[in-house]
Every structure is written in C-alpha cells, then in structure tokens.
Amino acid sequence: MDHFLYRSGTLHAEDVALADIAQVVQTPFYCYSTATLTRHYKLFTEALSPLPHMVCFAIKSLSNLAVLKTLGELGAGMDVVSGGEYMRAKAAGVPGDRIVFSGVGKTRDEMRMALTGGIRQFNVESEPEMRALSEVATSLGLVAPITIRVNPDVDARTHEKIATGKSENKFGIPIARASEVYAEAASLPGLEVIGIDVHIGSQLTELEPFEQAYTKVADLTRQLRAEGHDIRRLDLGGGLGIPYARGNEAPPLPTEYGDLIKRTVGDLGCEIEIEPGRLISGNSGVLVSRVIYVKEGEGRDFLILDAAMNDLVRPSMYGAHHDIVAVEEPEPGVDTHTFDVVGPVCETGDTFAKARPLPQLKAGDLVAFRSAGAYGAVMASEYNTRPLVPEVLVHGDHYAVIRARPTFEEILARDTIPEWL
Ligand code: LLP
C-alpha cells in the first residue's frame, strides 16, 4: 500500500492534492510520500526481527538528502556505491558506522574518504580492490572491516541489464574461489574480514533465486568458519521487486522474504544486513506531468507530455512499465481511449507507453506515473537542455521542494567558454 490515493476526485500524496503542488512547482516534478517511505522501511525491520540486523537503504535508488534524512532518523543504514553517495549519507546525518560501501570499482580516493570519515564495512569485489584497500588503510594507520562479495552464479530471472549474480556478470568473486580469496584477505595487514556479501540483481519477483543464493552463502559461512575465519555478518544485498502493473503482479512480500532469510541463514548467529532500494523508494514516489498536446496520428493517438525520457528513463532504457493515471479521478465506467504516451525529446525512444488505455485526456490535464520513486529522479538528466526535474517531499498535510528546478541561467552558467573563443 502507498499513500497516493484519490480523495474528493483528485489524486493526493498523503493529505496534499498533487494538483496544488503542480500549481506552485509547475510540471514535471517527482513527489515522494514520507509515510510510504517510513512504512516500507519498517516492513523490512519487522520482517527481519528478532534477528540482529541492519536495513541499509540503497541510496542509488533515490538519493535526495531529505529522503536519506527521513530514513536515517528511523535508524536506517545506508548502502553507498560512490564517494558522492557517501557524502550524501554523511550530509543527511547518518553516522559512518551505519554506512556500507558497495561497488565494483572503488577508487583509492573513495576508500580514503570512507576510512577517515568512518565506515561500517566495505563490500570488496575483487582481489586487486582488496589489495588496494589494504594499502590505503595501512597508509592511514587504520584497518578496514570488509566482507567479500561472492558471485553465486544464480539466475535472478530479471531484466538482463539488472541481473548481477551470474558468473558472466562483472560483480563479485566466483563463489568457487572464495576459500582462496578469503585466505589472502586474512593475510593482508590493512583488512579485517568480518563477513560475506551477496547481491544477485534487482526487481526480483520470485523468492527462489534468493533462496538458492542464500543457501550457498550459508554453506560458505560454515566452510569459511571451518577454515578459521570469524564470519559474523552477512550482507544479503537488495533486489526484492515491486508491483509495477497493479493488479497483474504480486511479487513476494517483505515478510515472506524475511522468513526466507530466517530459514536459510537464520541459525548461523550472524548479524544480517540487507540493501533494499526499490522496495523502499519505488512506490513512495510518483512523477507528475502535464499533457501538452493530444495529437492524432496514423491509426494511433499520441499523448504528448511535458515529462520526457530525460526525467524518467526506465521505459526507454529497460522497456519498463509504469502505470500512468489521471490526476483528476475518472468517473466510474467512463470510456477509455488508447494512447501512445510520449515526451517531447527528439528521439523515438522517448516513449513511455504504447497503446495504453487511459481516460480521454486533453491538453492541460495532469497525469501521474506511479512507482517512480526508485531509479527515477536519480537517473534524470538535462538531455535536450531540459532542466533537471525537481523533487517534492510530502509529510502529512504539508510539503517542501527538496530539489528545485534549475533556471536556464543556472544551467548555462555551468558551462565555461575557453579563453581562445
Ligand atoms: N545493492 C547493490 C549492490 C546493488 O547493486 C543494488 C542495485 C541494490 C543493492 C539495490 O537493489 P534494489 O533493492 O533497488 O533492487 N536502474 C535500474 C536498477 C539498477 C539496480 C542496480 N543495483 C532500474 O531502474 O530498474
């Protein structure tokens, strides 16, 4: 359940009418619900209780400081994959001992930043990275707590661009070589080996791939312990999917996911970490846009919106489906009309949906893309010199702009003309 519901015939975010925000902020904009973010975070903490655990929000899915502060104040940890995300977590007031550093190519500068600023653990992904981290930590007179990300060679059965747990993917070390790599890690002076990390992909809609991966991690835990390693923390990654097409999809619930974790790794006495992004942020956000024109085409009608692929790239990049709804609630039983929903950007890929049944919308009407909180604003760009899409956070009956739309002057001022011109 989220907190975007029709009230008195118009779509609200909690107690605020989206049309009222549109009046002030103009379109397009992202709008997030504090209550939904909170609810989703708590679903995970409840699902993992009573195991000792930490839910580390994957910042990459939605990185606005106000969102991070909202979750951080509830006690959430953060999963970061760059120096920039690390800075965001710190700026949102999250202490270093709640920040986990993931990612396949951490630079020495990023390692230094996290080691000096405080870190819960690095999830190391390769031997060269492990050696570099040991060197950086030693040069600072510190010891880096690490897990090693293992690649369990499991098919996550998700979109090929977001599957990460097969041996052909660039992530982690092959689980078959774990023994050898852990032995080397234990011998490096700047590292303290504390656990195992795994993440097999994103938008998983079945539990079975998780079950396979976590069973392998449980076996590996026993094996590494027998080899003398003090494995006390398991980072099980993120990836639990959300229903994008409501009514047609029912991915597993966090409680079922929690039960699976308890069943597969719960008896090992390890502290459990998870790194969910999408399940916390996805249905906590909508993208609100206005219809610019309705254009009659050859055998199809186009709904031309003021949002485009630069604001929400998922449909064009992954062929992803987002439900699109009219902000003014259609009368029950009203006829629908089939539209191709497109943006104004100059390429055919700027298409949000084809042959989508919608109410008979007209120019000036508002629409909302549901489930747009995750990998929406964070993947937005200024392609076609369209100003970076603003973000709004609702809390009960009030809201705040948490990232303003830049002016054209601000956009142009970021470029520099060299002195020879
Ligand atoms: N941990 C690691 C190491 C990850 O690589 C990811 C996502 C997560 C956690 C969070 O996964 P989630 O719970 O959000 O599924 N841009 C794509 C999704 C890319 C996911 C990348 N990694 C999309 O729009 O679908």
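Any read-out appearing in this document is the output of simple, stated calculations on the displayed coordinates, not a laboratory observation. Owing to the predicted nature of the structure, the values given are computational and were not obtained by experimental measurement. We place every Cβ from the backbone using ideal geometry, glycine too, and count neighbours over all the protein chains shown.
Along the axis of the charge dipole computed for the chain (Cβ charges of +1 for Lys and Arg, -1 for Asp and Glu, origin at the Cα centre), the listed residues L74, A47, T221 are led at the positive end by T221. Distances between placed amide hydrogens fall under 5 Å for L191 paired with A144, all partners being 5 or more residues away or on another chain. Please identify the longest segment of the chain free of exposed GluC sites (Glu not before Pro), where exposed means a DSSP state other than H, G, I, E or B and no more than 16 other Cβ atoms within 10 Å. Longest site-free region, per DSSP loop and neighbour criteria: 1-167.
Taking a virtual spin label 7 Å from the Cα of L65 along the C-beta vector, which residues in region 379-395 bring their backbone nitrogen under 17 Å of it? Label zone hits: 390-393.
Modelled this way, with points 7 Å down the Cα-to-C-beta line, the labels at E180 and D15 are 6.2 nm from one another. In a fully extended conformation the segment linking K262 and A320 would gain 17.7 nm over its present Cα-Cα distance, using 0.36 nm per residue. For region 128-139, backbone phi angles converted through the Karplus equation (6.51, -1.76, 1.60; θ = phi - 60°) give residue-by-residue couplings of x, 5, 4, 5, 4, 5, 4, 5, 4, 4, 4, 5 Hz, Gly and Pro being listed as x.
Taken about its Cα centre, region 34-280 carries a charge dipole of about 640 debye when Lys and Arg each add +1 at the Cβ and Asp and Glu each add -1 at the Cβ. In this entry, the chain is assigned a mean projected area of 23.3 nm², taken as a quarter of its C-alpha convex hull surface.
Restricting the chymotrypsin sites (Phe, Trp or Tyr not before Pro) of region 347-421 to loop positions (DSSP other than H, G, I, E, B) with no more than 11 neighbouring Cβ atoms within 10 Å leaves W420. Region 137-208 and region 52-82 have Cα centres separated by 20 Å. Summary of the geometry: region 329-347 and region 361-420, compared by the centres of their Cα atoms, lie 22 Å apart. According to the square roots a ≥ b ≥ c of the eigenvalues of the Cα gyration tensor, what is the shape class of region 198-328, taking rounded for a/c under 1.5, prolate for a/b larger than b/c otherwise, and oblate for the remainder? Prolate, since a/c reaches 1.5 and a/b exceeds b/c.
In terms of its alpha-carbon gyration tensor, region 275-357 comes out oblate; a/c meets the 1.5 threshold, while b/c is at least as large as a/b. Inter-label distance, A400 to K161: 3.3 nm, where each label sits 7 Å from its Cα along the C-beta direction.
With both labels modelled 7 Å from their Cα along Cα-to-Cβ, the T107 to T336 distance reads 4.8 nm. Close amide H contacts of D235 (hydrogens built in the peptide plane, cut-off under 5 Å, sequence separation of 5 or more or a different chain): I196, D197, V198, E273.
Taking a ≥ b ≥ c as the square roots of the eigenvalues of the Cα gyration tensor, an a/c ratio of 1.5 or more together with a/b no larger than b/c marks region 34-280 as oblate. What's the longest bit of the chain with no exposed trypsin sites (Lys or Arg not before Pro), using DSSP loop states and at most 11 other Cβ atoms within 10 Å as the test? With a cap of 11 other Cβ atoms within 10 Å, the longest stretch comes to 171-361.
Between amide H atoms placed 1.01 Å from N, distances below 5 Å from K166 occur with V154, all of them 5 or more places distant or on a separate chain. Over all other residues within a Cβ to Cβ distance under 11 Å of V367, the charged ones net out to -1, with Lys and Arg as +1 and Asp and Glu as -1. The ellipsoid that matches the Cα gyration tensor of region 111-176 has semi-axes, each √(5λ) in whole angstrom, of 28, 12, 9, with the longest given first.
Evaluating 6.51 cos²θ - 1.76 cosθ + 1.60 at θ = phi - 60° for every residue in region 113-126, the Karplus couplings come out as 4, 6, 5, 7, x, x, 8, 6, 5, 9, 9, 7, 10, 7 Hz, glycine and proline recorded as x.
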